[in-house]
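Notes for the one structure printed next.
The values are calculated or read from the model by the stated rules, or taken from the named source; none is laboratory data. In this text, all values refer to a predicted model and were calculated from it rather than measured experimentally. In this analysis, Cβ positions are derived from the backbone assuming ideal geometry, glycine residues included, and neighbour counts consider all displayed protein chains. Note: areas computed on protein heavy atoms with side chains; ligands, DNA, RNA excluded. Shrake-Rupley method; radii C 1.70, N 1.55, O 1.52, S 1.80 Å.
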Amino acid sequence: MSGHFISFEGTEGCGKSTQLGLLAERLRSLGREVRELREPGGTVLGEELRQILKRRSGSGGMTPEAELLLMNAARAQLVREVIRPALARGEILLCDRFYHSSLAYQGWGRQLDLKWVRTVIDFAVGETRPELALLFVIPPEVSVARRQERERRQGLEPDRFEVEDDGFFRRVAEGFRAIAAEEPSRFRIIDAGGTVEQVRAVVWEAALAVIQTRGPGGSG
């Protein structure tokens, strides 16, 4: 039995992590086996690399090339240690970012050669690709406001990515739109500017296109 793989993509503050959790909760209520993942992370090695990649102190001199390679080292481990075995067991995998984020952030944002970014990604993931990529889109000013509110509420310092300038995030957003246009059959673009419940309904409808919700509670 093969499982299902859905990735959640978007710029900072788009609400994808919240929606991933809500979808996981609803699927579990229907008796499905769901695994929540995040990138970078999801394995012991991946979580260690996540700390290096996001930490501002001690990593300010990291080059874009090193960033790309570390991201995909964590991704290669996640694919082989977690994703492929879980899919083989028939689980539903919901991943907070996957390789499309490297195309957007390291390719478009850091302005690395997209040919080389794709080569590194292909080596890291092989044939393991999400059936559905949900791209959460919000205006730049909403992204900034949400990031600031999150930092204030949680008392957290922004990480290496969150302190980038507006130009960086404009390029990332442009990159995501271009990537989605290249793969229209894989992507579902979601207006994330609505309420949590409004966005949740759209996410559920998109997920149903690739997941047959069998189990307690029927189709939901």
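Please identify every one of the trypsin sites (Lys or Arg not before Pro) in region 68-136 that sits in a loop by DSSP and has no more than 14 other beta carbons within 10 Å of its own beta carbon. Mind dumping the intermediate values first?
Numbers: sites: 75, 80, 89, 97, 110, 115, 118; in loops: 89, 97, 110.
Hits after loop and neighbour filter: 89.
Helix 140-154: angle to the longest alpha-carbon principal axis of the chain, degrees 0 to 90, nearest 10?
It works out to around 90 degrees.
With only alpha-carbon atoms counted, please give the Rg and Dmax of the chain, in Å.
Computed over the Cα atoms of the chain, radius of gyration and Dmax are 16.9, 52 Å.
Against the longest alpha carbon principal axis of the chain, how many degrees, from 0 to 90 and to the nearest 10, is the axis of helix 114-125 turned?
For 114-125 against the chain, the angle is about 50 degrees.
Which of 15, 107, 194 ends up with the largest GNM mean-square fluctuation for the chain, with Cα atoms connected below 10 Å?
Per the Cα network of the chain with a 10 Å cutoff, 194 tops the list.
Pick out, from 101, 24, 187, the residue whose Cα sits farthest towards the positive end of the charge dipole of the chain, with +1 on the Cβ of Lys and Arg and -1 on the Cβ of Asp and Glu.
Ranked along the dipole, the leading option is 24.
State log₁₀ I(q)/I(0) for region 1-105 at q = 0.10 Å⁻¹ as given by the Debye formula over alpha-carbon point scatterers of equal weight, solvent excluded.
Scattering profile of region 1-105, log10 relative to I(0): -0.30.
Where only protein heavy atoms count, and the probe is 1.4 Å, what is the accessible area per residue for region 1-132 in Å²? Intermediate results must be reported in sequence, preceding the final value.
Values: 5650 Å² over 132 residues.
Result: 43 Å² per residue.
Counting other C-beta atoms within 10 Å, and keeping those with at most 16, which DSSP coil GluC sites (Glu not before Pro) do you find in region 1-89?
Sparse-neighbourhood loop GluC sites (Glu not before Pro): 33.
Report relative contact order for region 9-71 in percent, whole number only (criteria: Cα-Cα under 8 Å, sequence separation at least 6).
It rounds to 18 percent for region 9-71.
Over the chain, what is the relative contact order in whole percent, taking alpha-carbon pairs under 8 Å and six or more residues apart?
Taking the mean separation of contacting Cα pairs over the length of the chain, I get 34 percent.
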